[in-house]
Every structure is written in C-alpha cells, then in structure tokens.
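Participant: Just passing along the structure, written as structure tokens.
A short reminder: the numbers here are calculations on the coordinates, not readings from a lab. What you are looking at is a predicted structure, and each value in this text was computed from that prediction instead of being measured. Every residue, glycine as well, gets a Cβ built from its backbone with ideal geometry; the counts of neighbours run over all protein chains shown.
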C-alpha cells in the first residue's frame, strides 16, 4: 500500500501552491492530499471572493480540521507543512496522528524565545489592528514582497503574489503573540515523547516571516531522545516551497523521508 502524504499550507497561500510537490511525490510512489484550511475555497479567486469564510479560525481549529481529514485516510500519513502549516504538522505528529512530519519555516511553537525584528514587521499587517483577531486579513503586494519574496526578484515575487495569495485569518498570529502567558496555548507542542515519529524542521536562511533562528530554536526544544533533525536552506526566503527553487526543498524532504517512511508500506 502506498504511503499517504498530507500537505498543509500556511497563512496567505492557497493549497494549490503544493501541486508541483504533489506531482513529484506521486512520481516517487506516495499518494498525496493538499486540503485547504477551514473556509478556503477550491480556487484562489473563489477564496478571495469569499474572504469572510476564513475569518475567526485559530491554530486549534486548523489542527482539528486536518485531524478529521486524516482520520478518513487508510493509513497514518506523513504530514508536510509550511509556515503555520509546519506548526500544525508538529501538533499532528505529537498527537500520534502522523507517521512522520516535515515542518518548513514553521511558525514558532510555544517555548521559542527568539523574536527577530523581521518577524515582528512581517506580522504587523495583522497585529496593527486588534479587530483583525476575528477578521480575514490580506497582504498587499509590498507586504508579500517583504515577508515572502525578499530573496526573489521583484518580478517573481509579484507573480507569486498574483497567483497564490489568499486572505487568511488573523487569529493564529494573535495566538502566537500570547503563547508565552497562555497556559493552554494552542501553539504548545509535546516535545519530549520518544515514541512519536521522526521530524525534520527546515529553515530558510533569509526568511523574514519565520527567521532561520526561530526554526532552529524550535528544533532545539525537542528532547534528545526524539528523532528530530534541523536543516538550513541557504539563500532562501519564506516562499521557498512554491517559488522557482521549490525543487531543492522538495528533494531534501523526499531524501529524508525515503530513509524513514518508504513510499510503499
């Protein structure tokens, strides 16, 4: 039986951005799914037209959404997540719902202390207005350029903005900012369980939205008894999973998975 892989996108990027990954993993023998977040529509344009549907959903809502979808699969899948999807992937792995996880430029789990200026600036489109906690928020072309496309040419960044960006709920970012003081924060992840499956955390060297030091600190929070590995991708920003260099990151994930969760069980 072929191993299932579930791809989880992050804020502001539609699930269709995973299509090249799905094609590549299918060629390698995996079966793939790339469901959207709660409220996402099937296409980028439809999601933009129905922005209110995505508002109000928090980290746990998104996690529960994917957990319900995973429960319908014939096997325990691998989960591959980007940005907030990387945080959700870690939560699903820790809950025993995934056989392995790849978290790429993941939003910080509770306990990460690093808070670089670039990360704060990238979150300002949401945090600047407290009312955004319960709203859908869209990035401007300029905000996308800073947070996602800073390591790309302006032309490529603008094309990715046009092709893949969608409104996203503001709530997850507010939940991250309050994680330190929240005893039941949805950003909390069990990091010491040696029984859970393997985890690869990937950080882009030039990422503004989730700077590399944030991803590295997340990996360091995991206990030495867990199968956890960190890799840095030189010269790459937050768009690394869907820009022109996506194949380098996908090949890294495939090589890592081949040693731990074969395409055929």
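Participant: Cβ neighbours within 10 Å, averaged per peptide: list 134-144, 13-23 in order, most packed at the top.
Facilitator: 13-23, 134-144
Participant: For a quick size check, give me the Cα extents of the stretch 130-223 along its three principal axes, largest first, whole Å.
Facilitator: Sorted from largest, the Cα extents of the stretch 130-223 read 45, 32, 20 Å.
Participant: Same structure again: Quick check on packing: order 198-204, 243-249 by the mean number of other C-beta atoms within 10 Å, highest mean leading.
Facilitator: Descending packing order for the listed peptides: 198-204, 243-249.
Participant: For residue 115 paired with residue 42, estimate the spin-label separation in nm (one decimal), with each label point 7 Å from Cα along the Cα-to-Cβ line.
Facilitator: So the two model labels end up 4.3 nm from each other.
Participant: Still on this model: Viscosity 0.890 mPa s, temperature 25 °C: Stokes-Einstein D of the stretch 22-91 from its Kirkwood Cα radius, in µm² per second?
Facilitator: The estimated diffusion coefficient comes to 182 µm²/s.
Participant: Which value in nm describes the separation of the simple spin-label points at residue 248 and residue 130, placed 7 Å from the Cα toward the beta carbon?
Facilitator: 4.3 nm
Participant: What ratio of Cα Rg to 2.2 N^0.38 Å holds for the stretch 175-244?
Facilitator: Ratio of Rg to 2.2 N^0.38 Å for the stretch 175-244: 1.24.
Participant: Right, something else. May I ask you to sort 49, 254, 176 by Cβ crowding, counting other Cβ atoms within 10 Å and putting the fewest first?
Facilitator: So the ranking, lowest neighbour count to highest, is 49, 254, 176.
Participant: Could you state the number of Å between the C-alpha centres of the stretch 29-101 and the stretch 218-249?
Facilitator: If you average the Cα positions of each part, the centres end up 19 Å apart.
Participant: For the chain, just the Cα set please: Rg and Dmax, both in angstrom.
Facilitator: Rg, Dmax (Cα atoms, Å): 16.8, 49.
Participant: Another question, if that's okay. Going out from 0 in 5 Å bins, what whole percent of all Cα-Cα distances in the stretch 1-117 drops into each bin?
Facilitator: Calculated over all Cα pairs of the stretch 1-117, the distribution is 2, 12, 21, 23, 20, 12, 7, 2, 0, 0 percent.
Participant: How high is the relative contact order of the stretch 181-228, in percent, counting Cα pairs under 8 Å that sit 6 or more residues apart?
Facilitator: 47 percent
Participant: Using helices alone, I'd like the mean residue ellipticity at 222 nm for the chain: each DSSP H run of four-plus residues gives -39500 (n - 2.57), total over residue count, nearest 500.
Facilitator: Calculated mean residue ellipticity at 222 nm is -10500 deg cm²/dmol.
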